Amino acid sequence: MWNGLVSVAKETYTASLGEGVVPRPLMMPLVRGQLVGLIWVRPLKVGQDALAGIAELANIAAAARADEVVLAWETHDVATACELPIVGPAPCLNMVLATRDGHVLHQFPYSEQLLSRSPEGWASVAPDWRPAPAPQPGGELVPPIQAAVNFSFTPIELDHPDPFGVTVVLMEEDGYRISLTEAFAR
């Protein structure tokens, strides 16, 4: 499963960077080894809104009672949005695999090869994936990612017959892009 999730993240990054866009942070919750779906963070404002928006990715995982979560984000993008110092390689696709018992940070650094530039100055690039450093059990996570990991395993208490379904609807209304797998579709 892990290799498939890494492939999906790398393919998404390659396609998005080719269109001149850095993909938003992404969460992939799993329940008993089954993927719940893909949740991309909503449009963010720089600062506190970005910190909160990334941490709120955890809501779907918590509502689904996920036992594992995978988060993917780009080093420079999250640091800029959250007004944090850049920690680790940049540019870099980071992925963390987390359970209640801990996490392992995986980093996939890349360099950017310019494909084209729009008249407005937007660059279309292709990632040239560099050798990945060894996975880091307990590796340092930036604060919004650490918060998302922590909150993923905190049960959501909603007085509703379908807490998962209502969480999905509320997050979609807030602008999160959610693609559930067939087993978890509403």
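The values are calculated or read from the model by the stated rules, or taken from the named source; none is laboratory data. In this text the structure is predicted, and so the values were computed from the model without any measurement. Glycine also receives a Cβ, built like all others from the backbone with ideal geometry; neighbour counts cover every protein chain displayed. In case anyone asks, the SASA skips ligands and DNA or RNA and just uses the protein heavy atoms, side chains included. Shrake-Rupley method; radii C 1.70, N 1.55, O 1.52, S 1.80 Å.
At a glance:
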{"quantity": "Charge dipole of the chain about the Cα centre (unit charges at C-beta), most positive-ward option of A134, L158, A55", "calculated": "A134"}
{"quantity": "Whole-Hz couplings from phi, Karplus 6.51/-1.76/1.60, listed for region 122-128; x for Gly and Pro", "calculated": "6, 9, 9, 10, 10, x, 10"}
{"quantity": "Accessible carbon and sulfur surface of region 98-178 relative to its total accessible area, %, 1.4 Å", "calculated": "55"}
{"quantity": "Residues of the chain: accessible area per residue with a 1.4 Å probe, Å²", "calculated": "51"}
{"quantity": "Rg to Rh quotient for the chain, alpha carbon positions, Kirkwood Rh", "calculated": "0.96"}
{"quantity": "Magnitude of the charge dipole, region 1-115, Cβ model with Lys/Arg +1 and Asp/Glu -1, debye to 20", "calculated": "260"}
{"quantity": "Within the chain, helix-based [θ] at 222 nm, where runs of 4 or more DSSP H residues each add -39,500 (n - 2.57), nearest 500", "calculated": "-9500 deg cm²/dmol"}
{"quantity": "Dipole magnitude of region 40-186, debye to nearest 20 (Cβ charges: Lys/Arg +1, Asp/Glu -1, about Cα centre)", "calculated": "300"}
{"quantity": "Cβ-Cβ FRET estimate between R100 and L158, R0 fixed at 25 Å, reported to 0.05", "calculated": "0.75"}
{"quantity": "Per DSSP, loop trypsin sites (Lys or Arg not before Pro) in region 3-65 with at most 13 further Cβ within 10 Å", "calculated": "R32, K45"}
{"quantity": "Probe 1.4 Å - accessible area at S116, Å² to nearest ten", "calculated": "60"}
{"quantity": "Translational diffusion of region 35-122, µm² s⁻¹ [Kirkwood Rh, Cα pairs; Stokes-Einstein; 25 °C; 0.890 mPa s]", "calculated": "165"}
{"quantity": "Region 42-102: GluC sites (Glu not before Pro) in DSSP coil with no more than 11 other Cβ atoms inside 10 Å", "calculated": "E83"}
{"quantity": "Chymotrypsin sites (Phe, Trp or Tyr not before Pro) restricted to DSSP loop in region 19-124 with at most 15 other C-beta within 10 Å", "calculated": "W122"}
{"quantity": "Prolate/oblate/rounded label for region 91-186 (Cα gyration tensor, a/c 1.5)", "calculated": "oblate"}
{"quantity": "Computed label-point distance, nm, for sites R65 and Q136 using a 7 Å Cα→Cβ extension", "calculated": "3.4"}
{"quantity": "HN-Hα J in Hz across region 86-96 - Karplus 6.51, -1.76, 1.60, θ = phi - 60°, x for Gly and Pro", "calculated": "6, 10, x, x, 8, x, 7, 7, 9, 9, 10"}
